[in-house]
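S.K.: This is the structure I want to talk about, given as structure tokens.
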Amino acid sequence: MMYNTIVNILSCLIPIKKYRKKFRTFFREANIVDNIRHKIKLRNAKRYGQKFSCDAIRDNSVLVIEANTFHTEVVPGFCRYFEELGYNVDVFMRYENLFENPFARYAQPGKASDLRIFPCDLLELQEWLGSPDIKKYDVVFVCTTALWDKDYRGFFPDFLKNRLGGKYGLLMVEHSPQIFVDIYHQHGLIRQGRLFSLGGYENVPQLNPHYFCSDIKATELQPAETIHFAVVGGMSESCKDSKLLINTVAALIKQGYNFKVTVIGSGTLTIPDTLSRHVAHLGRIDFAAMYEEVEKTHFMLALLNPDNVEQRRYMQGTTTGALQLSIGFDKPLIINEQFARHYGFDDNSAIIYEGNELASAMIKAMSMTQERYGVLVHGVTAYRGAVHDTSLQNMRGALEHIKQQSLSPVSSPSNFCMFCKSWSGDFHEVKRMLESFHRFNFDNILMWLSVPEHEIQLFADCACDTVRLISDESYAGSYLSDKKLHGLSVGYINQQICKLAFWETGNSPNYLCVDSDSLFIRDFFVRDFMADEETPYTVLFMDKDLSVQKYYQEMWNTRQAAVKSIYSAVGLEDDTRLRTCHGAQVLNAEVLSSLKNVFMKNNSLNYVDLMNICPLEFTWYNAWFQKCGLIKELAVEPFLKMFHMAEEYTIAQAQSLTASDFARAYVGIIMNSNWAKKKKAALPKGC
């Protein structure tokens, strides 16, 4: 307040009104004093904040994370639920949030809390969460699914680049489910019972955090008392109807009403000088100060306008912070009737108005008797109790469910699996691929990961209920090559042989081959790859679009000659379509058995001989598939989008194509490592 007073005095020295207003607006927004104070507090937070150590993780504990420098008002409420359920709670949050102190009133009088807070920056957060010891926590609870920072905007688990979770995995809260459930592909989290929303949304259960302090001070209406209203939240058009507030205040002043409106939150609110006695914009203040201001108030103003398209999200799963504070401090809310109906308020728990009749609602508040005010407060208390009980039950149910999930064996389809042949040189790519596999694997499809025998231990941590390790030598040892062919490395030749030979393990009659550089981008199901219990979809196409690209011309000519040689070898020289694929094919054991026991046996060939004729394993399969006719042909286009060349990916970037765009047609993408590693190419946005 002192800062704004000084700015107002200095602006009076400017004679021209237009420039005087600009001066005042600029320095109010810049708030140099607050910025300096912010930097000092941030430095002190880094100096004195408690440092996290994995060795200090307690039994029966959960980790609560808020990675943003906002939304920390919800953290105490989430922590309180966990403590009520008997857990020890640790909190990771940003240094910026530490000195704002959302836990200023957290501890109950006469009762100590074992809650621990560990402040950090994003680099420290990545480091701490990258430790395998994090799994000592029963659950990792993420307060906000999105991370919005100056250097990153996206899905928080994607930012971490590792599988985030405790002993029983993770739980997350989506603040805007109507927008981000689809954008961040959260259907898998919903299916697993791991996603909440603040207000409840379709099949996303409610978890509403409205605990700020236990010693709520009751407010009374005294005769002739100045009635206090509070507005809390960002002052932007998408969050609050500030025009309605200013117009209403002006009208009430003309009618002679005595009241005070305190506005708390970031953003700009232009308050005419004629209203300054009645309206104060405190800006963003720390939580202790905000709690004091809210306690002094009689009513909270929601300032939501159903005619504002952006504000309609507050009826679609997003919850206004005004509601949290209203029920957290027993302050009746003044709210438009459409929003009131959505939240379940009635005339005994809120002051409800239609349209833009905020003035009449505020007059009603200022004319209220203490008895009637007591009825409203009692209604808010009852509303809070109902929301608390529903939220606590939802959290208890989710915890029981995910614990049961971990105890129950995963049932994988018996007629289909996935197969990945890899090695130590692609270790990081495999880890990334498996992260996406676990995230989007709707049907608990089994993945077999094949690596050289001497590298099994390196990949041991990858094994789980839906990922099995197998050594190359255990099923293909007698088939593998010990020399280069066509200038290709021994490893490259042998990975093709492993793909063609895996059927001999008997693990599944159909398996989708995926490479280490694959990445799944949406939920996938067995039905994406199998037409029925016995019949796989088979990728067969002529590559016409790729053939016309100049950047691919040289490779195209070489490839077409190689494909023709395979077609000729199996007796399909008259088929000029030359349909095949580049990878990510569903291979069928019956077809592969016929390839080995009919074609190869009759021609005295082994797998190395096939590679010597032409090292294109999928074309060998596709050509023989069409030749033998053993299973029904159900031809489809590729399951995964492959970027063959850097030029192809550059074009996609120029078109601003994102993971969501590709997800409409594909279950994943493949960034061919032949060029992607050299170029250090970033993944498409949203991956």
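The values are calculated or read from the model by the stated rules, or taken from the named source; none is laboratory data. Owing to the predicted nature of the structure, the values given are computational and were not obtained by experimental measurement. Using ideal geometry, Cβ is built from the backbone for each residue, glycine included, and neighbour counts are taken over all protein chains shown. Ligands, DNA and RNA are excluded from the accessible area calculation, which covers all protein heavy atoms including side chains. Shrake-Rupley method; radii C 1.70, N 1.55, O 1.52, S 1.80 Å.
S.K.: Does region 147-265 come out rounded, prolate or oblate, given a ≥ b ≥ c as the square roots of the eigenvalues of its C-alpha gyration tensor, rounded meaning a/c under 1.5 and, failing that, prolate meaning a/b above b/c? Mind dumping the intermediate values first?
M.R.: Numbers: a/c = 3.00, a/b = 2.14, b/c = 1.40.
Note, shape of region 147-265 comes out prolate.
S.K.: Take the alpha-carbon centre of region 60-97, take the same for region 412-437, and report the distance between them in whole Å.
M.R.: First find each Cα centre; the distance between them is then 34 Å.
S.K.: Sorted by average packing, counted as other Cβ atoms within 10 angstrom per residue and highest first, what order do 53-62, 587-596, 115-124 take?
M.R.: 587-596, 115-124, 53-62
S.K.: Sticking with this structure for a sec: What are the residues whose amide H is under 5 Å from the amide H of GLY267, where those residues sit 5 or more places off or on another chain and H is modelled from the backbone?
M.R.: MET235
S.K.: Which distance in nm do the two modelled labels at ASP307 and ASN356 give, with both placed 7 Å along the Cα-to-Cβ direction?
M.R.: Going from the ASP307 label point to the ASN356 one covers 0.5 nm.
S.K.: Let me ask something additional. Taking 0.36 nm per intervening residue step and subtracting the Cα-Cα distance, what contour gain separates ASN348 from CYS12 on full extension?
M.R.: 116.2 nm
S.K.: Search the structure for amide H atoms under 5 Å from the amide H of ILE227, placed 1.01 Å from N in the peptide plane, and list their residues when 5 or more places away or on another chain.
M.R.: LYS260
S.K.: Of all the Cα-Cα pairs you can form in region 385-444, what percent are over 17 Å apart?
M.R.: Details: 1127 of 1770 pairs.
I get 64 percent for the Cα pairs in region 385-444 exceeding 17 Å.
S.K.: Follow-up question, since we're still on this one. Which shape class applies to region 504-543: rounded if a/c is under 1.5, otherwise prolate when a/b exceeds b/c and oblate if not, where a ≥ b ≥ c are the square roots of the Cα gyration tensor eigenvalues?
M.R.: rounded
S.K.: Show the residues, 5+ positions off or on another chain, whose built amide H is closer than 5 Å to the amide H of TYR137.
M.R.: HN-HN under 5 Å from TYR137: LYS167.
S.K.: Less than 17 Å apart at the alpha-carbon level, and either on another chain or at least 8 residues along: which aspartates and glutamates does that give for LYS217?
M.R.: Leaving aside aspartates and glutamates fewer than 8 places away in the same chain, those within reach of LYS217 are GLU292, GLU293, GLU295, ASP330.
S.K.: Calculate, for ARG396 and LEU630, the FRET efficiency according to 1/(1 + (r/R0)^6) with r their C-beta to C-beta distance and R0 51 Å; round to the nearest 0.05.
M.R.: Working: r = 53 Å, r/R0 = 1.04.
For ARG396 and LEU630, the calculated efficiency is 0.45.
S.K.: To the nearest Å, what is the center-to-center distance of region 621-656 and region 537-613, using C-alpha atoms only?
M.R.: So the separation of the two Cα centres works out to 13 Å.
S.K.: Moving to a separate point now. Give me log10 I(q)/I(0) at q = 0.14, 0.18, 0.22, 0.27 Å⁻¹ for region 434-481, Debye formula, one equal scatterer per alpha-carbon, no solvent.
M.R.: Debye output, listed in q order: -0.40, -0.60, -0.78, -0.97.
S.K.: Rounded to a whole number, what % of the accessible area of the chain do carbon and sulfur atoms account for, probe 1.4 Å?
M.R.: Numbers: 15920 of 31280 Å².
Percent of accessible area from carbon and sulfur atoms in the chain: 51.
S.K.: A further question on this structure: Can you list the trypsin sites (Lys or Arg not before Pro) in region 412-512 that are in a DSSP coil and have 12 or fewer other beta carbons within 10 angstrom? Let's see the in-between values first.
M.R.: Working: sites: LYS421, LYS431, ARG432, ARG439, ARG468, LYS483, LYS484, LYS499; in loops: LYS483, LYS484.
Sparse-neighbourhood loop trypsin sites (Lys or Arg not before Pro): LYS483, LYS484.
S.K.: Right, here's the next one. For a test of the definition: using alpha carbon positions, the gyration tensor, and the 1.5 limit on a/c, classify region 149-193 as rounded, prolate or oblate. Please list the in-between numbers first.
M.R.: Numbers: a/c = 2.15, a/b = 1.09, b/c = 1.96.
Oblate, since a/c reaches 1.5 and b/c is not below a/b.
S.K.: In nm, what is the difference between 0.36 nm times the number of residues separating GLN560 and GLU573 and their Cα-Cα distance? Each step should come with its number before you reach the end.
M.R.: On the way: separation 13, 0.36 × 13 = 4.68 nm, distance 1.28 nm.
3.4 nm is the gain from fully extending GLN560 to GLU573.
S.K.: What is the list of residues in region 167-204 whose amide nitrogen lies under 13 Å from a point 7 angstrom out from the Cα of ALA460, following Cα to Cβ?
M.R.: Output list for this probe position: empty.
S.K.: Then there's this: What's the Kirkwood radius of region 343-499 in Å, using all Cα pairs?
M.R.: Numbers: mean 1/r = 0.0463 Å⁻¹.
Hydrodynamic radius (Kirkwood, Cα only) of region 343-499 equals 21.6 Å.
S.K.: If packing is taken as the average count of other Cβ atoms within 10 Å, what order do 627-640, 75-88, 195-208 fall into, highest mean first?
M.R.: Averaged packing, sorted descending, gives the order 195-208, 75-88, 627-640.
S.K.: Between GLN553 and ILE253, what is the spin-label point distance in nm, taking each point 7 Å from the Cα along the Cα→C-beta axis?
M.R.: 7.4
S.K.: While we're looking at this one, here's another question. Compute the long axis of helix 32-48 from its Cα atoms, compare it with the longest principal axis of the Cα atoms of the chain, and write down the angle in degrees, 0 to 90, nearest 10.
M.R.: For 32-48 against the chain, the angle is about 60 degrees.
S.K.: Dividing the alpha-carbon radius of gyration of the chain by 2.2 N^0.38 Å (N being the number of residues), what value is obtained?
M.R.: Values: Rg = 31.4 Å, N = 687, 2.2 N^0.38 = 26.3 Å.
Taking N as the residue count of the chain, the ratio is 1.19.
S.K.: Round to the nearest 10 and give me the degree value, 0 to 90, for the angle of helix 370-407's Cα axis relative to the longest principal axis of the chain.
M.R.: In the chain, helix 370-407 runs at an angle near 20 degrees to the longest axis.
S.K.: Here is a follow-up. Between the helical axis of 553-570 and the dominant principal axis of the chain, each derived from Cα atoms, what acute angle in degrees is found, rounded to the nearest 10?
M.R.: 50
S.K.: Suppose only helical runs count, i.e. DSSP H with n ≥ 4. What mean residue ellipticity at 222 nm does that imply for the chain under -39500 (n - 2.57) per run, divided by all residues and rounded to the nearest 500 deg cm²/dmol? Mind showing how you got there, number by number?
M.R.: Working: 26 runs with 264 residues, N = 687.
Counting only the DSSP helices, I get -11500 deg cm²/dmol.
S.K.: Say R0 is 60 Å: what FRET efficiency, to the nearest 0.05, do GLU504 and TYR152 get from their beta-carbon distance?
M.R.: Working: r = 46 Å, r/R0 = 0.76.
Taking R0 as 60 Å, the efficiency between GLU504 and TYR152 is 0.85.
S.K.: Between GLN653 and LYS484, what is the spin-label point distance in nm, taking each point 7 Å from the Cα along the Cα→C-beta axis?
M.R.: Placing both labels 7 Å along Cα→Cβ, they lie 3.1 nm apart.
S.K.: FRET efficiency for ASN203 and ARG58, Cβ-Cβ distance as r, R0 = 45 Å, nearest 0.05?
M.R.: Efficiency computed from Cβ-Cβ geometry: 0.85.
S.K.: Based only on the alpha carbon positions, what is the Kirkwood hydrodynamic radius of region 194-333, in angstrom?
M.R.: Numbers: mean 1/r = 0.0619 Å⁻¹.
About 16.2 Å for region 194-333.
S.K.: Taking every eigenvalue of the Cα gyration tensor of region 487-564, multiplying by 5 and rooting it, what semi-axes result, largest first, whole Å? All intermediate terms of the calculation are to be shown ahead of the outcome.
M.R.: Numbers: eigenvalues 147, 77, 37 Å².
Calculated on Cα positions only, the semi-axes equal 27, 20, 14 Å.
S.K.: Heavy-atom accessible area per residue, the chain, 1.4 Å probe: how many Å²? Walk me through the intermediate numbers first.
M.R.: Details: 31280 Å² over 687 residues.
Per-residue value: 46 Å².
S.K.: Pairs LYS331/LYS685; LYS403/LYS632; LYS150/LYS421; LYS564/LYS601; LYS484/LYS632: which exceed 31 Å Cα-Cα? Before the final figure, lay out each step's value.
M.R.: Details: LYS331/LYS685 43 Å; LYS403/LYS632 42 Å; LYS150/LYS421 38 Å; LYS564/LYS601 21 Å; LYS484/LYS632 36 Å.
Exceeds cut-off: LYS331/LYS685; LYS403/LYS632; LYS150/LYS421; LYS484/LYS632.
S.K.: Then there is this: Tell me, what is the percent relative contact order of the chain, built from C-alpha pairs under 8 Å that lie six or more residues apart? Write down the numbers at each step before the final one.
M.R.: On the way: 1112 pairs, mean separation 62.9, N = 687.
Averaging sequence separation for qualifying contacts and normalising by length gives 9 percent for the chain.
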